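We did not get these values from a lab; they are worked out from the coordinates using the rules stated. Since the structure is predicted, the reported quantities are computational estimates derived from the model, not experimental observations. With ideal geometry, Cβ positions are generated from the backbone for all residues, glycine too; neighbour counts draw on all protein chains shown.
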Amino acid sequence: MIPADLSRAVVRAVRRAVEAGELDGPAPARAVVERTRPGGVGEYASPVALRMGRGAEGALALAGALSLEPGIAAVDVTGPGFLNFTLAPLSAAELVRDVSGRPERYGRVPARSETVGGGREQVVRGAVARIREGQGFPPEDGGPRVAPVARRDGDVRARYGAGAAVWAMVAVPARETPVFGAGLLVQAEENEAFRVRYAHARARALTRNAADLGFHAEPGAVDAPALLRALADHPLALEAAAHHRAPERLARHLVALADALLDFQHQVLPLGDEKPSAAHRARLALAEAAGAVLAGGLALLGMDAPDSL
């Protein structure tokens with residue numbers, strides 16, 4: 001089970017509890033499930049029982065039902081009625097196949113060859129519309145209130161390049177004025193926009209290098225907890241970005257996914273006289289899945305994803 005499946009399992013449990021009179025209706029169409037904060041219990045948490053009006057009593061009823069769901073290792077109730085979940089260990093092979101077989105849940109739209117034009121309002125509202133459409137939210141008129149680029153920053157596309165300018169526009173909440181600076185021009189680790197695009201380019205390079213060595217990707221077991229967690233969390237990040245009309249949530253998650261992929265990339269190819277093995281093929285499959293998700297995320301924000309940088 002990945003976190004997005006957990007959210008759906010919670011909704012099903014809530015509907016059954018409402019029908020049984022254990023919670024006050026109506027049942028929500030979606031349930032908020034987020035990463036547990038540092039020091040909290042479990043891996044994920046949901047306040048759904050609190051919002052349904054029965055607090056700890058309702059949470060306990062939901063916990064009993066959800067503890068029987070395949071893929072959920074433990075359910076705990078804390079405070080006035082928070083549900084806290086620990087999921088069973090992720091299968092890398094299943095996750096890679098999920099990314100490939102269900103691209104819509106991972107935001108894998110075709111990468112754009114050019115970045116989106118227009119001012120900040122058009123860029124932010126366009127990103128919101130694409131994210132919400134991909135997550136099945138109904139279209140809406142208008143969009144979030146968007147602070148413009150400060151007049152002192154001038155023509156940011158001409159000064160920083162279209163990709164970096166779009167990133168700066170969407171990486172902060174719409175109501176805040178975006179910050180532009182020399183760091184956007186630096187192709188280095190401190191530049192988040194570069195890091196995300198570079199991680200995608202590294203994934204593409206790994207595929208080319210593997211072909212030169214005579215092997216290809218094949219899903220299998222991989223020991224890469226940080227990358228697996230970031231990839232599994234991606235559908236939740238998309239849903240949160242859609243629900244809150246907040247593309248910056250997607251941008252933040254792309255950074256986390258890119259960082260995990262860049263840390264992992266050195267394990268993919270054989271070293272020295274080492275021959276390609278099933279382990280290398282499985283690592284390559286995971287890296288390719290992460291790269292595809294990065295490309296889709298960048299496209300949703302209005303940026304391209306070059307195969308090389």
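Work through the residues other than A174 whose Cβ is under 9 Å from its Cβ and net out their charges, Lys, Arg +1 and Asp, Glu -1. Present the calculation step by step, with values, prior to reporting the outcome.
On the way: positive: R120, R125, R145, R175, R245; negative: E121, E176, E248.
Result for the neighbourhood of A174: +2.
Other residues whose C-beta falls under 13 angstrom from the C-beta of V10 contribute a net charge of +2, scoring Lys and Arg +1 and Asp and Glu -1. Measuring r between the beta carbons of V172 and K275 and using R0 = 45 Å, the FRET efficiency lands at 0.40. Along the range 130-141 the Karplus relation, 6.51 cos²θ - 1.76 cosθ + 1.60 evaluated at θ = phi - 60°, assigns HN-Hα couplings of 5, 5, 5, 4, x, 9, x, 7, x, x, 9, 7 Hz to successive residues, with x for each Gly and Pro.
With an 8 Å cut-off on Cα pairs and a minimum separation of 6 or more residues, tell me the relative contact order of the chain in percent. Show your work: numbers first, answer last.
On the way: 541 pairs, mean separation 65.3, N = 309.
21 percent.
Here the Karplus curve 6.51 cos²θ - 1.76 cosθ + 1.60, taken at θ = phi - 60°, turns the phi angles of the range 286-294 into couplings of 5, 5, 5, 4, 5, x, 5, 5, 4 Hz, with x standing for Gly and Pro. The stretch between R97 and A73 holds 6.4 nm of extra length on full extension. This uses 0.36 nm per residue minus the Cα-Cα distance.
Cβ crowding within 10 Å ranks D76, D5 as D76, D5, fewest other Cβ atoms first.
How would you classify the range 176-280 from its alpha-carbon gyration tensor, with a ≥ b ≥ c the square roots of the eigenvalues: rounded for a/c under 1.5, else prolate if a/b is greater than b/c, otherwise oblate? Write down the numbers at each step before the final one.
On the way: a/c = 3.08, a/b = 1.66, b/c = 1.85.
Oblate is the answer for the range 176-280, as a/c is 1.5 or above yet b/c matches or exceeds a/b.
With the cut-off at 1.5 for a/c, could you classify the chain from its C-alpha gyration tensor as rounded, prolate or oblate? Since a/c reaches 1.5 but b/c is at least a/b, the shape of the chain is classed as oblate.
Backbone phi angles across the range 53-62, fed through the Karplus curve with coefficients 6.51, -1.76 and 1.60 (θ = phi - 60°), yield HN-Hα couplings of x, 10, x, 5, 4, x, 5, 5, 5, 5 Hz in residue order; Gly and Pro are listed as x.
Decide, for the range 93-229, between rounded, prolate and oblate: order the square roots of the alpha carbon gyration tensor eigenvalues as a ≥ b ≥ c, take rounded if a/c falls under 1.5, and otherwise choose prolate if a/b is larger than b/c, else oblate. Cα axes put the range 93-229 in the oblate bin.
I want the local charge near A240. Using Cβ-Cβ distances under 9 Å, sum +1 for each Lys or Arg and -1 for each Asp or Glu among the other residues. Provide the component values of the computation, followed by the final result.
On the way: positive: R249; negative: E34, E239.
In short, -1.
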